[in-house]
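Taking it in order: structure first as structure tokens, then the write-up.
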Amino acid sequence: MLLMPDGQGQPTATHRSDYQPPAWWIDTVELTFDLDPAKTRVLNKMRLRRNPEVAAQALRLEGEELNLSRVLVNGAGTSFKMDGSQLVLENLPEGPEPFDLEIFTTCAPDKNTQLMGLYVSQGTFFTQCEAEGFRRITYFLDRPDVMASYTVTLRADKTAYPVLLSNGNLVEQGDLEGGRHFAKWHDPHKKPCYLFALVAGKLVARQQRILSRSGTEHLLEVYVRPGDLGKTEHAMNSLMASVAWDEARFGLPLDLERFMIVATSDFNMGAMENKGLNIFNTKYVLASEATATDTDFANIEAVVGHEYFHNWTGNRITCRDWFQLSLKEGLTVFRDQEFSMDMAGSPSARAVKRIEDVRVLRSAQFPEDAGPMAHAVRPDSYIEINNFYTVTIYEKGAEVVRMMHNLVGRDGFAQGMKLYFARHDGQAVTCDDFAQAIADANPGSALALQLEQFKRWYSQAGTPRVQASGQYDPEAQRYTLTLRQSCPATPGQPHKAPFVIPVELGLLNHAGQALALQLEGEQTANGNSRTLVLDGAEQQWTFINVVQAPVPSLLRGFSAPVVLEVDYSDAELLTLLAHDQDAFNRWEAGQRLLLRRALQAITAPDDSQDAAILDEALLQALRQVLLDPQLDAAFKELVLTLPSETYIAEQLEVVNPQRIHAVREAMRLQLALALHIDWQSAYETHQASGAYRPDAASAGRRALAGLALTMLCLGAQHSGDSIWPGKTLQRFKDAGNMTDRFNALAALVGCGHALAAPALERFHTLFKDDPLVLDKWFALQAGASDRAGHVLPLVKQLMAHPDFTIKNPNRARSLIFSYCNANPGAFHRADAAGYVFWSERVLELDAINPQVAARLARALDRWKKLAEPWRSSAREAIARVAARADLSNDVREVVTRALAEE
Ligand code: BES
Ligand code: ZN
């Protein structure tokens, strides 16, 4: 399927159906590292044996960018050969007895710009092994179904690297000659090599001793660079809360004496769950009220939780092969979502979290599912596994677990998890094993009864469409609901079979009151909300004793990851927005109305009506939400935020990004002007008093105040009034925390006010020594609402700023990704300059860090939807990248799929 330029080796696809169990087992691994940035020596002594269940064959160990100096079998030299990246040993001892294999290699951590394997970040050694980075450290069976016991000795200069860490427990340490020292670690748990980690450098730790429910003591540590210790309290609190939560909710205790988190500022991803030694991007560890926003605080809690929860879902039970990635990632995202909801507490705070998660799903996963990189939650093949750490594996995977959870109930799911661990603890398993355990623990459940069909969620890509239509018979007082499903074709999957789709619903009367639900055949009415299971192409349900024509509230809580199409009237949507008992669907009704208005304006013949896209009824409904004293501020902020440009684009067959941007901006302005007085009172009534706390309720108040300020500045900029911009600048200067300060700055930048420039300058001066805050400074400017094409020249100018470096992934993301991936109005320029910039940056990054480059390459995934001239210039830009002979497999896979004719 991949077409390569002449002379290039064909990157090979790996197929799920080709899975073979390993021919060899590695029982123990003793690693000795002599750490040196320029040349680190690695001695790898393994105890190996043949897998008696697999036909005898040569041992093929993977290695990448290693210098091999010696191979010994049971202490004696042996013959070997190289086959591409593999070290092949053909003359190994026959029979089932284990033997020792020793391999000496060296590598160059300070030349490692990919940040995979062993690398140096600001003078400290770190490793990143998932998915296939261990082979950059030593020759190995680098696959997750080979689980071994690790003993690791680290040797390094004591002054430069006083702290030496690896997985498990510290068993020995001491001084060596020449100013060096050593530390020896042993991990009591067997693990796949992707969970190996080491850290060596000048670090300090916040320590915390905790007692588990059973009374065992554990040491928790958060390691950072000296000077950052004051910013570790929230991460530590999040870790303690995670430990307590997993024990309380799932009965899963911490199985280690010592659990460490280490922060690094050079990291490709967010964080990594190495056994007992999690390595984190500083972005998800460091926080103080002066430097981190509420969102940062919430993200830290979620990511600390996520990596901690992997200790059971991922580490104790791991993946048989990388096609099963969602086994650990989808499940663990579900767990971190539930953790955040439980931490948030109130039902409405839970709904807010749910809305935020669904927004991510719809604005990132739905487009992926509709584009050239569409793949199933369990893909059938890949070229580069790093390209498959996607929103589909993660967020859709979590939705699949959530549907199972909802089909068997909260307690049934906990029972299923118990059975999963009883069956598979210590094993490397598949998504089938997980689904089977949940179903087997719940015989008779809808999941158990339709398990095979349910599992189509794992094998079929694409976002299903559910069409709903209702018919009310006033004579018979019957309401018949018809649901139909279909799923668009995706690359390699032209036809789809029906999914099992749980549809939670309620019925409202026109005054918005909940109606009791009684299905035909039932003796009595039973509750106001229930879940129907759609498993055919089309099905009907008839509700009886329905005294008036109802307004259906469908797919409550977003009970399945589908696109729901319903012919609601505006009046029905206004009823749902004002009254639905389900907070998610209340928000949803508002979004449907806003989207409807946006699409009407976008497809209008001209822009003459742009000043009045929102009608008075909708404005009044939004005003009522804004002023409702019963509603949470966080919820109001979500209702009053317009659907994103990306989400709007997904609803259109042909996309004119500039028209979408103009319409959305016009709607924002109208919202700002029409609700001016209400924004003013919202701002004034949501001022926090007292000390800063990052909890959901306080964060919600700050978020609403921030939106209000943005709206007040937008309105002021339009009317020429200078009071609110002045107040905003003052707020920016006086703010006691980063959330308020940044929101004020963003409000000034967002409306393009003259005060934005001095405020940005002041912000830079204040925070020039804090890399994470500087990232915000770059991101804000690159993500600003475009006015007459001003953003691209600014981004180019910022590329030359002394604080910019493309080598640091966080900094690259803050400037380049914020522009290319998160600012469609500025990126999709009619003159194609945005695309040219994109192609140059993809190539520039690919030479340094293919994993990060491939993520940037995805920015043009949806090019086929674009109208002219964007479509042609986007294709040209992608083709320009694809024409390069020296692309990484990572970027090659993305651009080849983007250009493929389906
Ligand atoms: N296992 C991943 C980290 C990872 C991903 C390493 C890809 C190597 C390649 C980790 O558990 C993870 O999923 N991290 C997320 C954050 C999480 C909260 C979803 C990340 O890094 O983005
Ligand atoms: Zn994960």
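The values are calculated or read from the model by the stated rules, or taken from the named source; none is laboratory data. None of the values given here were measured: they were computed from a predicted structure. Neighbour counts are summed over all protein chains in view; Cβ atoms, including those assigned to glycine, are modelled from backbone coordinates with ideal geometry. Just so you know, the surface numbers come from the protein's heavy atoms only, side chains and all, with ligands and any DNA or RNA stripped out. Shrake-Rupley method; radii C 1.70, N 1.55, O 1.52, S 1.80 Å.
Selection of segment 530-551 for residues being touching a Lys or Arg at 6+ places or on another chain (Cβ under 7 Å), part of a loop (DSSP other than H, G, I, E, B) and open to solvent by less than 50 Å² (accessible area, probe 1.4 Å) yields Ile544, Val546.
Does segment 48-67 contain any residue that is on the phi > 0 side of the Ramachandran plot, part of a loop (DSSP other than H, G, I, E, B) and open to solvent by 40 Å² or more (accessible area, probe 1.4 Å)? Taking every residue of segment 48-67 in turn, at least one turns out to be on the phi > 0 side of the Ramachandran plot, part of a loop (DSSP other than H, G, I, E, B) and open to solvent by 40 Å² or more (accessible area, probe 1.4 Å). Would you mind stating whether Gly77 is on the phi > 0 side of the Ramachandran plot and either open to solvent by 10 Å² or more (accessible area, probe 1.4 Å) or at pLDDT 95 or above (or both)? When the stated conditions are applied, Gly77 does not pass them. Within the bounds of segment 136-157, is there any residue that is over 20 Å from Arg316 (Cβ atoms), in contact with a Pro (Cβ under 6 Å, 6 or more places away or on another chain), among the acidic types (Asp, Glu) and modelled with pLDDT of 95 or more? Among the residues of segment 136-157, not one is over 20 Å from Arg316 (Cβ atoms), in contact with a Pro (Cβ under 6 Å, 6 or more places away or on another chain), among the acidic types (Asp, Glu) and modelled with pLDDT of 95 or more, which makes the answer no. Scanning segment 277-288 for residues that are away from ligand 1 (no atom under 13 Å from the Cβ) and either under 22 Å from Ile210 (Cβ atoms) or surrounded by 23 or more Cβ atoms within 10 Å (Cβ to Cβ) (or both) gives Leu277, Leu286, Ala287. Within segment 579-629, track down each residue that is touching a residue at least 12 places away in the same chain (Cβ under 8 Å) and among the acidic types (Asp, Glu). Residues satisfying the conditions are Asp580, Asp582, Glu588, Asp607, Asp610, Asp615. Of all residues in segment 121-140, those that are within 16 Å of ligand 1 (Cβ to nearest atom) and open to solvent by 10 Å² or more (accessible area, probe 1.4 Å) total 5.
Only one entry of Arg423, Arg378, Arg362, Arg402 meets the criterion of being without any contact (Cβ under 8 Å) to a residue 60 or more places away in the chain and either open to solvent by 10 Å² or more (accessible area, probe 1.4 Å) or touching a Lys or Arg at 6+ places or on another chain (Cβ under 6 Å) (or both), and that entry is Arg423.
Is one or more of the residues making up segment 300-317 open to solvent by 20 Å² or more (accessible area, probe 1.4 Å), within 11 Å of ligand 2 (Cβ to nearest atom) and of a type in the set (Val, Ile, Thr)? Within segment 300-317, one or more residues are open to solvent by 20 Å² or more (accessible area, probe 1.4 Å), within 11 Å of ligand 2 (Cβ to nearest atom) and of a type in the set (Val, Ile, Thr). Among the residues of segment 560-584, count how many are in contact with a strand residue (DSSP E or B) (Cβ under 7 Å, 6 or more places away or on another chain), open to solvent by less than 10 Å² (accessible area, probe 1.4 Å) and not hydrophobic (A, V, I, L, M, F, W, C). Count: 1.
Only a single item in (1) closer than 30 Å to Pro694 by Cβ; (2) charged (D, E, K, R); (3) more than 16 Å from ligand 2 (Cβ to nearest atom) is not met by Glu384, and it is number (1). If you go through segment 318-344 and keep only what is hydroxyl-bearing (Ser, Thr, Tyr) and open to solvent by 10 Å² or more (accessible area, probe 1.4 Å), you end up with just Ser340. In segment 345-354, is there at least one residue being touching a residue at least 40 places away in the same chain (Cβ under 8 Å) and open to solvent by less than 10 Å² (accessible area, probe 1.4 Å)? No: zero hits.
Where strands (runs of 3 or more DSSP E) sit wholly within segment 183-276, those with at least 1 residues that are charged (D, E, K, R), open to solvent by 30 Å² or more (accessible area, probe 1.4 Å) and away from ligand 2 (no atom under 16 Å from the Cβ) occupy 204-211, 217-224, 258-264.
So, Arg143, is that one part of a loop (DSSP other than H, G, I, E, B), under 30 Å from Asp425 (Cα atoms), basic (Lys, Arg) and within 16 Å of ligand 1 (Cβ to nearest atom) or not? Against the criterion (part of a loop (DSSP other than H, G, I, E, B), under 30 Å from Asp425 (Cα atoms), basic (Lys, Arg) and within 16 Å of ligand 1 (Cβ to nearest atom)), Arg143 qualifies.
Quick one: would you say Glu307 is within 15 Å of ligand 1 (Cβ to nearest atom), of a type in the set (Asp, Glu) and under 14 Å from the mean Cα position of the chain (by Cα)? So Glu307 passes the test.
Where helices (runs of 4 or more DSSP H) fall entirely within segment 797-902, those with at least 3 residues that are more than 16 Å from ligand 1 (Cβ to nearest atom) and surrounded by fewer than 23 Cβ atoms within 10 Å (Cβ to Cβ) are at 833-846, 870-882, 889-899.
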